[in-house]
Amino acid sequence: MLYHILAVGDVVMEPGLRHLERHLRPLQKWKAIDFTVVNGENAAGVGLTRDQAERIYDAGADVVTLGNHAFGKSQIADFLEDAPWLLRPANYTGRAPGRGCGVYDLGGVRIRVLNLIGRCDLSWGADNPFTAADRNLERGQAELTVVDFHAEATSEKLAMGYYLDGRVSALWGTHTHVPTADERVCPRGTGYITDLGMTGSIESVLGIDPRQSVEGFLGGLPGRYRAPEGPAKLQGAIFTLDSATGLCTAVERIDVR
Ligand code: FE2
């Protein structure tokens with residue numbers, strides 16, 4: 001049986017949250033989506049609050065993934081323990097609260113969702129994401145497995161795509177907020193895209209006010225992140241997965257404005 005899995009790129013601040021709340025359910029209906037994973041680690045700019053996590057869930061996400069800003073709002077720590085649908089990268093070391101991998105019911109089949117963080121230019125003391133993937137794929141039973149690899153370097157994401165090709169149903173990159181035009185089914189059957197893009201203000205630098213970003217590059221004080229008002233976009237990809245093989249048959253990029 002075929003399942004349509006929607007992956008949504010990083011939701012940035014209030015414009016991203018509002019756009020998600022307005023467009024996610026109509027998109028799910030239009031594309032007959034069975035399961036939705038949304039990266040929410042920038043809902044507060046840096047991190048997210050419990051209220052923002054619940055807004056993403058209530059908007060239609062089945063699982064919310066995080067990344068380098070997972071603990072940007074430290075009050076999320078307790079909620080990470082309580083909400084099985086909220087994942088932080090599995091390769092955070094030691095005593096980080098919460099979990100990075102879950103298995104969810106998909107109406108007769110099980111789908112495993114794994115959240116990983118890269119280490120190139122993201123020095124957060126994480127374990128090796130490649131060996132962490134091996135360990136987590138041995139846990140539990142699931143017909144389908146999807147991976148959100150939150151990473152900076154295209155090389156690290158592409159290498160992970162080849163490393164897990166044929167072993168997971170789909171793998172997408174998040175974090176860089178700019179969609180890549182390389183969606184495809186890999187040689188051994190894993191659906192892949194290097195980066196989904198983002199959900200937030202169109203006229204922005206990765207969701208943030210361009211004036212603020214330019215000021216930072218000119219050497220000024222960055223200050224608190226501000227998200228500009230104005231039109232927004234929802235970017236991501238839809239993976240068509242076959243529960244008989246556990247692999248992918250098609251990938252489609254999404255950009256809803
Ligand atoms: Fe990030």
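The values are calculated or read from the model by the stated rules, or taken from the named source; none is laboratory data. Predicted model, so just to flag it, every value in this text is computed and none were measured. Counting neighbours? That spans all protein chains shown, and the Cβs are built from the backbone with ideal geometry, glycine included.
Only residues that are closer than 19 Å to Val256 by Cβ and away from the ligand (no atom under 14 Å from the Cβ) were counted across segment 163-198, and they come to 5. Touching a residue at least 12 places away in the same chain (Cβ under 8 Å), within 16 Å of the ligand (Cβ to nearest atom) and touching a Phe, Trp or Tyr at 6+ places or on another chain (Cβ under 7 Å): does that describe Asn68? The answer is yes for Asn68. Scanning segment 116-150 for residues being under 20 Å from Leu247 (Cα atoms) and within 15 Å of the ligand (Cβ to nearest atom) gives a total of 3. Counting only strands (runs of 3 or more DSSP E) that sit completely within segment 95-208, those holding 1 or more residues that are of a type in the set (Lys, Arg) correspond to 110-117.
To keep it simple, each residue is scored yes or no on (1) farther than 22 Å from Thr194 by Cα; (2) within 16 Å of the ligand (Cβ to nearest atom); (3) without any contact (Cβ under 8 Å) to a residue 60 or more places away in the chain; (4) buried (at least 19 other Cβ atoms within 10 Å of the Cβ).
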residue	(1), (2), (3), (4)
Tyr3	no, no, no, yes
Arg22	yes, no, yes, no
Lys29	yes, no, yes, no
Ala32	yes, no, yes, no
Val37	no, yes, no, yes
Gly40	no, yes, yes, yes
Leu48	yes, yes, yes, yes
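Cβ-Cβ contacts under 8 Å between residues 6 or more apart (or on different chains), taken from a first residue in segment 192-213 that is on the phi < 0 side of the Ramachandran plot and surrounded by 24 or more Cβ atoms within 10 Å (Cβ to Cβ) to a second residue that is among the charged types (D, E, K, R) and modelled with pLDDT under 95, are listed as Ser201/Glu229.
Scan segment 227-241 for residues that are surrounded by 17 or more Cβ atoms within 10 Å (Cβ to Cβ) and either among the charged types (D, E, K, R) or free of Cβ contacts under 8 Å to residues at least 60 places away in the same chain (or both) and the total you get is 1.
Arg55 meets all of the listed conditions (1) in contact (Cβ under 8 Å) with a residue 40 or more places away in the chain; (2) touching a Leu at 6+ places or on another chain (Cβ under 9 Å) but one, namely (1). Exactly one residue among Thr245, Thr249, Thr240 is under 18 Å from the mean Cα position of the chain (by Cα) and more than 16 Å from Asn39 (Cα to Cα), and that residue is Thr240.
Checked against (1) surrounded by fewer than 24 Cβ atoms within 10 Å (Cβ to Cβ); (2) more than 16 Å from the ligand (Cβ to nearest atom), Ala153 passes all but a single condition, namely (2). Tell me whether segment 90-105 contains one or more residues that are modelled with pLDDT under 95 and of a type in the set (Ser, Thr, Tyr). Among the residues of segment 90-105, at least one is modelled with pLDDT under 95 and of a type in the set (Ser, Thr, Tyr), which makes the answer yes.
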